[in-house]
Amino acid sequence: MNSESEQRAERLLEQLQQWAMEAIETPRDEREGFIVKVAGKYYDDAVRNGLSASQAEDWRKNIDHWLHALVETIEVSGGAAGGHA
């Protein structure tokens, strides 16, 4: 059986994959703004859940990095029509 932290990590990965697919469907010139907005939501949630501002900023940076990496991976692999938005 998965521990609670493993389940949370799995849910986070699923959510990041969903956000990445939404980013792919967003026109290229709007993707950066979309990713910044999503990462900002994670920052706000982190602060609400008790992280310090610096910890929340680290979390926001990680989310931003992970989303960019997922979008790039999806595009390279030809997912969502190769990202030809």
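For the reader, a short list of remarks on this structure follows.
- Sulfur and carbon atoms: percent of accessible area, segment 1-51 [1.4 Å]: 49 percent
- Point-to-point label distance, GLU4-ASP29, nm (Cα→Cβ direction, 7 Å offset): 4.8 nm
- Pair LEU13, VAL76: separation of 7 Å Cα→Cβ label points (nm): 1.8 nm
- Option label - semi-axes √(5λ) of the Cα gyration tensor in Å computed here, alternatives (1) 25, 17, 9; (2) 23, 18, 8; (3) 21, 15, 11: (1)
- Projected label distance in nm at ASN49 and GLU22, using a 7 Å step from Cα toward the beta-carbon: 1.7 nm
The values are calculated or read from the model by the stated rules, or taken from the named source; none is laboratory data. Note that the structure is a prediction, hence the values are computed from the model and not measured. A quick note on method: Cβ atoms are made from the backbone with ideal geometry, for glycine too, and the neighbour counts reach across all protein chains shown. Keep in mind that these areas ignore ligands, DNA and RNA; they rest on the heavy atoms of the full protein, side chains included. Shrake-Rupley method; radii C 1.70, N 1.55, O 1.52, S 1.80 Å.
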